[in-house]
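Data block below; observations after.
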There are 2 protein chains.
Amino acid sequence: MGAATAGSALLQSMTGAIPATAAPAGQFRQGRGGARQAGTVLIIGAGVAGLRAARLLLDQGYSVEISEALDRPGGRNFTARTGDKVVENGSGGTITTQTCTFDEGLYLNLGAGRIPYHHRRVLDLCSRLEVLLEPYIMETTANRFAAVGGVAETNRRVANDTRGHLAALLHRAVKKGALTAELAALSSSQQENLLDLLTVFGDLNTTKDFEYTGSTRAGNKVPLSVTDMPQAPTPLGLGDLIDARYWQNQFYHPVNHLWQATMFQPVGGMDMIVKALVGDLPEGTITYDDPVTSVEILPDGVLVKSAKGGERTVDYCLSNMPLPVLHEKVLKGGFSSDFQKAVGILKFGPSCKVGWQANERFWESDKYQIYGGISWTNDIIQQVWYPSNDYFSEKGTMTGAYNFDDDAIKMGEMSLAERLDTARQSATRLHTEFGDTDIVPNNGLSIAWHKVPYQSGVSAHWDPADVNSAFAYSRLLAPDTPTNRRFFVIGDQVSPLPGWQEGALMSAEYVVGQLTGTQRSEPPVVHQVPDSRALRP
Amino acid sequence: MGAATAGSALLQSMTGAIPATAAPAGQFRQGRGGARQAGTVLIIGAGVAGLRAARLLLDQGYSVEISEALDRPGGRNFTARTGDKVVENGSGGTITTQTCTFDEGLYLNLGAGRIPYHHRRVLDLCSRLEVLLEPYIMETTANRFAAVGGVAETNRRVANDTRGHLAALLHRAVKKGALTAELAALSSSQQENLLDLLTVFGDLNTTKDFEYTGSTRAGNKVPLSVTDMPQAPTPLGLGDLIDARYWQNQFYHPVNHLWQATMFQPVGGMDMIVKALVGDLPEGTITYDDPVTSVEILPDGVLVKSAKGGERTVDYCLSNMPLPVLHEKVLKGGFSSDFQKAVGILKFGPSCKVGWQANERFWESDKYQIYGGISWTNDIIQQVWYPSNDYFSEKGTMTGAYNFDDDAIKMGEMSLAERLDTARQSATRLHTEFGDTDIVPNNGLSIAWHKVPYQSGVSAHWDPADVNSAFAYSRLLAPDTPTNRRFFVIGDQVSPLPGWQEGALMSAEYVVGQLTGTQRSEPPVVHQVPDSRALRP
């Protein structure tokens, strides 16, 4: 508790930030209804779930206050612009702070970065709150894959040559009757048509026994001219493709449902959503730099202590804090033992991002012709994102690393300078321009989400193989005491979409339903817990 | 000749259009250089190639005049807005005219509709002339395929279930040693890794003998909720997929290089490019409603007659007219016989588009979740385009048919009302909302490009199987007389990209090089002619 308060004060003193809507802490804001007074609610954390829950509760006549530990709202929805601070816990209780020095007008999403077309709550919210969206390009065939030691190759060659080789092999197997048993359910005309499907699927050579001899899907061998028609480049060999192991390094990630086209992003930065959510609340609803240091369940309410708000009793408390933080620092007396046990089970996963300013959009030049999307690597940076905004302009920002697991832990342990050096070296394998500080200057940023104060990682790590996870997930979907309904956990952490804003909104709606009594408050039957590894953002 | 003049006068009287830059015809405009006078050039046709050639020649000190047969520039770069006329040749010398009645602010590209990322000339031009671009979304996994008699199915299911089935079959064939000879070049560890590649490629079931048992890539079986995790829908059966014949109906079109992400379109309509090109020329360079009716080669120039400009002799003439129109109506005396023969060989291909206004963007609703891209069918409309602009707004426009070959001929022969009825019926198989005229009102438009005056189709139809095509293509890449260099054919029709603006720009650059002497003027050696069927826009 003392550490948290000290950390917050330190944060404020280091950043010099003034909370956006400074107001006396501990004062409840009333909903649009005004007169109705359904109860008082303290929400811990001004992330997307907390902000959304606040609006919903205000609409139902509750009085709502949000305590936010940091000096900004949004949590992992965080966009860096010049002057913004990236703060991390260092070793031995120290704090490291980076200040963004991107040119005016440049920005980079350091957390949430994209919205799938099927995340209806997020899209609907953006529509209603007039957050302007533009397509986020997840993949272009000009994107690259680089394996250490190898040459970076384009997506169009890797993807289409692979597809051609696989189709040719299967065509051969079907044609020679090697799959008679497997294809027994198909009529002979269906089997003929399967061969035709494979021919189109892989762009096989109909004049050379349906071999794969290359395809213009992989691009043009020589630039077109009035006398040079499209010609397929010599295909990459199947053995070479296999040796590159690209499929083990997220190359096929964009084919998964969460990343399928058409994705979106807010024009001007992901935090436009946060700004809109905050703007949709009465002024002063949020108290910044106000970490909650203790929560205790009383017979008729919840006793909460926070840095600025001091000690007070509220009717209800919704916690949007990452569960590991809640578990370690905040939960005090009065909680049921099963709830308390559930809170202690969940871990968050590590992840780092690196952000670069580029003084030329070299990736859009004739040399690369890349507009958005991601290049993949098999080394520590894992991936490089190209901006899906302000195409054809002069400068831009790039995500120079976005990694998980051991790579993230390793990068998180590096000094800030070491992180940038490492990321620059790796990215140079994709683009030699990273070696030139006139093009990519030394004002990069990095963030290790697992080291950010009041975060404990990039998203909840639910593992279906963990025997305790089903109990924990179910138990956390109900308040501390289902009959008393005083304390609730919210956020994408207790949703089927850890790490996604859609999960945060879904959780907010669900919990507000429980609090107001329209949704059952018993721990629900859960057949499956989220598979965070498959879903991680 | 008389017919062409009458047609043009009729056009003008019917449309009442005033040429954008009305000026006395036949007056040559001088380049920025002013004083230099390298010669006079008449350009026939204010399409993209003609406009670009004019700018290049003006920059080199030539005096340039453009005669445009229609009352607007751009040719097949044509964007419809309220009040715009779509004119076609009817039967027996009649003219049909449609007037666009879309709501103010709505527009639809009836011709050129997209720019590939590798069409560097177009992108560079847009940059230099400050034409704002936005992504054109070619494919989203929410797009649909509809076979007559069947239920429309989503791209995500068709694509990913197919991929799963194919991967599972090949996995089986490799595992049981059915492809030993074909895989002889792979080491045993490469063969093991091939199995792993197939597992990821097809999302095979690792707990069920690497069968394909469905994938969440195909979407979610039930909408997610806090207790419902992503679950794969039951996969479409391989036999059912084969019976749908989707791969024979352009389903895999977006994988081809010309349509790969990231594509672009100008904000506000494709004709923003035309407006910029026209704006880049001195006022009065273009004479509208001025069809050229005769061209004759003289020893020291070219004698040209046009409706407004009358008869005059110029040093050079560049023809951007479709070659069939040039051949049938314009070429008079003095041409070399091989050139004249070459001009007569090329045909243009038929194509229709239908445009709809929609009063609700129903395709973006929760029911469909479609943002851009194309749905494919196996009937006459062939495809339906969703707008890649103004997402989340109230109304929108859709391309309700875009067809070629027999479907285009058949639709072109229909009355205007019949075309719309047919297109509406077909589109209803994709979206029942097409059955509701409150949602999709009766103010649709259609265009049969092969019936538009001074066009003879949507693009040049080069066929590598045609024995005369190599001669014609090569010969047309040189002026009428390579030594005299007086008359040149320009346009995407004599480029490796028929139907694409990049081809038009490439041709303009090439021919200007020949005219000015920086490029050889002999017919070049051509190993291959464009394959228009594969490239058609």
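The values are calculated or read from the model by the stated rules, or taken from the named source; none is laboratory data. Everything numeric in this text was worked out from a predicted model, so none of it was measured. Positions of Cβ are generated from backbone atoms using ideal geometry, with glycine treated the same way; all protein chains shown enter the neighbour counts. Protein only, heavy atoms only, side chains kept; ligands, DNA and RNA dropped before computing areas. Shrake-Rupley method; radii C 1.70, N 1.55, O 1.52, S 1.80 Å.
Results, tabulated for the structure shown:
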item	result
Residues (part of a loop (DSSP other than H, G, I, E, B), among the hydrophobic types (A, V, I, L, M, F, W, C) and closer than 23 Å to A:Ala168 by Cα) located in region B:194-235	B:Leu204, B:Phe210
Residue count for region B:266-300, restricted to those that are open to solvent by less than 10 Å² (accessible area, probe 1.4 Å) and either under 30 Å from A:Ile370 (Cα atoms) or of a type in the set (Asp, Glu) (or both)	8
Condition check for B:Gly334: within 30 Å of B:Ser469 (Cβ to Cβ) and part of a loop (DSSP other than H, G, I, E, B)	yes
Checklist (1) more than 20 Å from the chain's Cα centre (by Cα); (2) crowded, with 17+ Cβ neighbours inside 10 Å; (3) within 14 Å of chain A (Cβ to nearest Cβ); (4) aliphatic (A, V, I, L, M) applied to B:Ala465, failing item	(2)
In region A:169-182, residue nearest to the other protein chains (Cβ to nearest Cβ) [restricted to those that are in contact (Cβ under 8 Å) with a residue 24 or more places away in the chain and open to solvent by 20 Å² or more (accessible area, probe 1.4 Å)]	A:Arg172
Test: B:Ser388 is part of a loop (DSSP other than H, G, I, E, B) and in contact with a Gly (Cβ under 6 Å, 6 or more places away or on another chain)	yes
Of all residues making up region B:362-396, the number that are out of contact with any helix residue (DSSP H, G or I) (no Cβ under 6 Å at 6 or more places or on another chain), at the interface with chain A (Cβ under 9 Å from one of its Cβ atoms) and among the β-branched types (Val, Ile, Thr)	0
Filter pass, A:Phe339 being in a helix (DSSP H, G or I) and either at positive phi or in contact with an Asp or Glu (Cβ under 7 Å, 6 or more places away or on another chain) (or both)	yes
Candidates A:Leu125, A:Leu106, A:Leu169 - the one that is closer than 30 Å to B:Asp390 by Cβ and assigned to a helix (DSSP H, G or I)	A:Leu125
Condition check for B:Ile439: open to solvent by less than 10 Å² (accessible area, probe 1.4 Å) and not small (Gly, Ala, Ser)	no
Region A:418-437 residues that are among the β-branched types (Val, Ile, Thr), paired with ones that are open to solvent by 50 Å² or more (accessible area, probe 1.4 Å) (beta carbon under 8 Å, 6 or more apart)	A:Thr428/A:Gly435
Residue check for B:Glu139: in contact (Cβ under 8 Å) with a residue 60 or more places away in the chain, outside any strand (DSSP E or B) and in contact with a Gly (Cβ under 6 Å, 6 or more places away or on another chain)	yes
Flag if A:Pro254 is closer than 23 Å to A:Gln501 by Cα and assigned to a loop (DSSP other than H, G, I, E, B)	no
Candidate set from region A:504-533 (those that are within 13 Å of chain B (Cβ to nearest Cβ) and without any contact (Cβ under 8 Å) to a residue 12 or more places away in the chain); member that is surrounded by the most Cβ atoms within 10 Å (Cβ to Cβ)	A:Gln519
Counted residues, region B:257-280 - those being more than 14 Å from chain A (Cβ to nearest Cβ) and either on the phi > 0 side of the Ramachandran plot or part of a loop (DSSP other than H, G, I, E, B) (or both)	5
Number of positions in region B:195-242 that are open to solvent by 20 Å² or more (accessible area, probe 1.4 Å) and in contact with a Pro (Cβ under 6 Å, 6 or more places away or on another chain)	5
Exclusive hit being part of a loop (DSSP other than H, G, I, E, B) and out of contact with any Lys or Arg (no Cβ under 8 Å at 6 or more places or on another chain), set B:Gly92, B:Gly150, B:Gly111	B:Gly150
Test: A:Ala232 is more than 9 Å from every other protein chain (Cβ to nearest Cβ) and within 26 Å of A:Met398 (Cβ to Cβ)	no
Verdict on B:Leu186 being surrounded by 16 or more Cβ atoms within 10 Å (Cβ to Cβ) and facing another protein chain (nearest Cβ under 9 Å)	yes
